[in-house]
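Worksheet for the structure shown next.
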Amino acid sequence: MSRLQDRELVVGVTPFEEPNAPLVVALARAGAVGVLDLGRNALRARAALADVHRWWSGGFGVRAPAGCPLSPADLPEQVEMIVCGPGSGWSAAPGRRVLMEVVSVAEARAAVRAGASGLVAKGAEAGGRVGTTSTFVLLQRLLADPEICVPVWAAGGIGPHTAAAAVAGGAAGVVLDAQLSLVAEMELPGEVAAAIRGMDGSETAVVGGHRLFARPGLRTGDPETVANRLGARDLGALPVGQDGALAAPLAARYVTAGGVVAATRTAVIDQLRGAAPSSGGLSVMQGPMTRVSDQAGFAGAVAAAGGVPFLALSLMSGEQAGVLLERTAMLLGQRPWGVGILGFVPPELRQAQLTAVHRARPPYALIAGGRPAQAAPLEEAGIQTMLHVPSPGLLDRFLAEGARRFVFEGRECGGHVGPRASFPLWELQLQRLLSYDDAHGCAAESHVLFAGGIHDERSAAMVAALAAPLVQRGTRVGIVMGTAYLFTEEAVTAGAIQPGFQQAALACERTVLLETAPGHATRCADTPYVRTFTDTRDRLVAAGVPREQMWGELEQLNLGRLRIASKGLRRDGEELVTVDENVQHEDGMVMLGEIATLRHAPTTIAELHTQVTEGAAEFLTTRVAELELDTTPAPRSATPAARPLDVAIVGMAGVFPGAPDLPAFWANVLAGVDAITEVPVDRWDPAVYPGLPGWGGFLPEVPFDALAYGIPPAALASIEP
């Protein structure tokens with residue numbers, strides 16, 4: 001049996017840091033680990049524990065949030081697993097497995113030293129207490145850390161497809177919570193259910209170190225105050241992550257908790273099995289990076305190593321763009337390359353750039369912040385044009401407008417970032433693409449690129465597993481990398497960046513987001529300029545500067561900072577002047593993505609490409625073997641051999657017209673009883689509904705205590721009898 005059949009592959013925690021006994025029992029019955037969040041109300045916690053004990057005889061888990069009123073001594077013997085956070089006081093629980101929720105490498109190392117049995121890698125996109133690192137990147141950091149010698153589960157942004165990616169990368173399993181909030185076994189207040197049902201992943205904010213539903217008027221606060229208000233009874237303090245947007249589609253398709261568990265398990269097995277043979281076939285594209293990928297020599301180095309380079313036109317004039325494109329076209333010849341343009345630049349500048357693009361006719365174009373109407377003229381000219389699509393709503397619209405080439409870039413990337421981390425974005429977009437293909441059959445016409453947090457064997461293998469369903473339908477799939485190229489020798493020798501920029505990347509231990517205005521954030525290394533920015537912002541806030549004016553001043557402050565860092569140049573009037581290394585270090589903004597925290601040695605472009613192609617294939621093959629997952633196709637036979645069929649009858653029951661059980665039914669059969677009767681008046685009145693039949697077979701009333709089986713009465717209409 002494959003290790004993927006293990007019940008710990010899927011750990012389901014009751015959502016919103018509140019207990020829900022029916023959901024725990026449903027998860028346990030479905031072959032997952034059901035985990036009861038004990039919440040912060042002792043009476044509700046004890047009642048839920050008693051219900052689980054009454055309805056389920058097997059093992060289950062509990063989660064102890066900050067401020068939990070119970071202690072390990074209050075738990076029944078059935079509790080086999082405890083999930084808790086650092087400093088909760090629950091880490092010492094003899095005889096029980098303790099999974100520690102961690103949001104950073106430092107917390108993970110401390111948890112291992114304290115004796116944790118396993119770790120839950122809780123990414124920044126998850127609900128409740130979070131750090132700053134996404135699930136995709138945090139998982140990579142923990143799994144690559146030699147000090148982390150215990151199993152790791154991924155939490156945050158997890159759906160069936162990203163579950164396959166996490167396990168492919170080395171995770172022992174995945175954690176679901178808010179994703180289960182709309183299944184049949186859940187009963188939520190109407191306002192909360194409506195809010196979750198309408199989510200698209202952009203409705204959350206981090207407040208006091210906790211990710212919450214971002215209703216209007218949400219304010220920052222200290223973590224303790226926020227934690228005391230968490231729960232599903234207060235929409236303003238609802239601990240829900242970006243993956244809350246997965247709840248509605250999962251409930252609509254799979255209905256019950258058991259359905260979601262089965263779908264997740266099936267996706268993990270099928271996608272790893274399907275991805276293993278073709279994982280080395282991902283196309284590799286070097287994403288356009290402003291003030292970095294603007295050198296023909298660098299583009300030539302990427303192309304020579306088998307990648308597809310993209311030039312970033314940014315705010316270049318039409319004349320500047322024309323010169324760069326002409327040089328690149330001459331240097332690369334027949335090798336593929338592309339151009340990155342911004343869909344929101346002033347119309348006259350965009351037109352000047354497009355004139356240069358049409359003249360050079362690169363094979364590819366990528367439009368950031370663009371629309372299908374902007375891509376159409378390029379497509380007509382034979383230039384395959386990709387569109388950045390940062391949300392499921394935009395994807396639906398672009399598909400309807402005929403677009404078929406997309407880039408899904410997660411928040412982990414460098415420079416200007418979107419609202420969604422890679423895992424929740426990729427899961428949502430994949431679901432939309434597959435559903436659209438089910439209805440329209442257009443997968444073979446599509447080309448999809450994944451970006452944000454990809455840089456080596458493990459991360460590329462995870463994308464291969466994630467994208468396996470698209471590949472199986474004929475979609476062209478590839479990856480886009482940007483930050484990873486900053487670590488290559490050619491980036492410096494070709495003049496894309498100065499040595500000081502690469503040194504800052506090599507030394508990067510954390511990245512930060514500089515927000516000039518709501519929704520306008522830039523990811524960069526934590527360099528001295530970050531303090532300049534934050535000090536300026538704090539001064540403007542303290543001075544009571546109007547928001548629009550403050551936003552404008554912060555944008556102006558950022559202007560030119562990337563060029564200082566990457567090229568060592570500063571604008572002085574109409575001239576560009578060279579600055580020394582000290583100014584470059586102090587005043588430059590080093591834009592890069594989260595993966596900079598994972599790389600601390602220079603490499604070459606060829607080595608990088610080998611990592612994400614052949615290296616990814618080898619990584620995935622090894623991982624599949626570790627999981628004892630058979631990838632050998634079943635032999636085909638014209639005449640399938642007959643197989644003995646073992647049948648275990650575990651129970652028989654039935655309710656029939658005129659017979660409440662099987663003995664009565666059999667007695668009626670032997671006696672020749674006709675159970676067809678006139679319509680009982682409590683069913684329908686023939687005088688009121690004259691068109692309906694007046695005779696039929698009708699079941700008697702069936703007494704059923706739903707609560708005795710751990711089923712909410714409201715869920716009965718949605719489940720099989």
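Annotations for the structure displayed:
- Those helices (runs of 4 or more DSSP H) of segment 1-117 in which at least 2 residues are surrounded by 22 or more Cβ atoms within 10 Å (Cβ to Cβ) and over 30 Å from the mean Cα position of the chain (by Cα), considering only elements entirely within it, cover 42-55.
- Selection over segment 472-505 of residues that are part of a helix (DSSP H, G or I) and more than 23 Å from Gly338 (Cα to Cα) gives a count of 8.
- Selection of segment 578-625 for residues being open to solvent by less than 20 Å² (accessible area, probe 1.4 Å), part of a helix (DSSP H, G or I) and hydrophobic (A, V, I, L, M, F, W, C) yields Ile595, Ala596, Ile605, Leu608, Val612, Ala616, Leu620, Val624.
- Output for segment 294-312, where each listed residue is buried (at least 24 other Cβ atoms within 10 Å of the Cβ) and under 22 Å from Val448 (Cα atoms): Ala299, Val302, Gly307, Pro309, Phe310, Leu311
- Residue list for segment 388-418, filter: assigned to a loop (DSSP other than H, G, I, E, B) and touching a residue at least 40 places away in the same chain (Cβ under 8 Å): Val389, Ser391, Arg404, Gly410, Arg411, Glu412, Cys413, Gly414, Val417
- Against the criterion of being in a strand (DSSP E or B) and either at pLDDT 95 or above or under 30 Å from Gly338 (Cα atoms) (or both), Phe310 qualifies.
- If the condition is being surrounded by 14 or more Cβ atoms within 10 Å (Cβ to Cβ) and within 29 Å of Val137 (Cα to Cα), then segment 539-559 contributes Leu554, Asn558.
- The single condition among (1) modelled with pLDDT under 90; (2) open to solvent by 50 Å² or more (accessible area, probe 1.4 Å); (3) outside any loop (DSSP other than H, G, I, E, B); (4) not aliphatic (A, V, I, L, M) that Arg253 does not meet is (1).
- Unique match (being surrounded by fewer than 24 Cβ atoms within 10 Å (Cβ to Cβ), in contact with a helix residue (DSSP H, G or I) (Cβ under 6 Å, 6 or more places away or on another chain) and farther than 30 Å from Gln549 by Cα) among Glu457, Glu489: Glu457
- Close pairs from segment 536-564: first touching a residue at least 24 places away in the same chain (Cβ under 8 Å), partner of a type in the set (Val, Ile, Thr) and open to solvent by 30 Å² or more (accessible area, probe 1.4 Å), Cβ under 8 Å, at least 6 apart: Leu557/Thr532; Leu562/Thr290; Ile564/Val583
- Pairs linking a residue in segment 72-92 that is over 13 Å from Val35 (Cα atoms) to a residue that is of a type in the set (A, V, I, L, M) and assigned to a loop (DSSP other than H, G, I, E, B), with Cβ atoms under 6 Å and 6 or more positions apart or on different chains, are Pro72/Ala93; Ser91/Ala114.
- Among the residues of segment 666-675, those that are surrounded by 11 or more Cβ atoms within 10 Å (Cβ to Cβ) and either touching a Ser or Thr at 6+ places or on another chain (Cβ under 6 Å) or assigned to a loop (DSSP other than H, G, I, E, B) (or both) comprise Val673, Ala675.
- Residue match in segment 266-276 (condition: among the hydrophobic types (A, V, I, L, M, F, W, C), at pLDDT below 95 and assigned to a loop (DSSP other than H, G, I, E, B)): no
- Residue within segment 432-448 that is among the charged types (D, E, K, R) and either under 26 Å from Asp526 (Cα atoms) or surrounded by 21 or more Cβ atoms within 10 Å (Cβ to Cβ) (or both) present: no
The values are calculated or read from the model by the stated rules, or taken from the named source; none is laboratory data. Here the structure is a predicted model, which is why all the values come from computation and not from measurement. In this analysis, Cβ positions are derived from the backbone assuming ideal geometry, glycine residues included, and neighbour counts consider all displayed protein chains. Heads up: the accessible areas ignore ligands, DNA and RNA and are worked out on the full protein's heavy atoms, side chains in. Shrake-Rupley method; radii C 1.70, N 1.55, O 1.52, S 1.80 Å.
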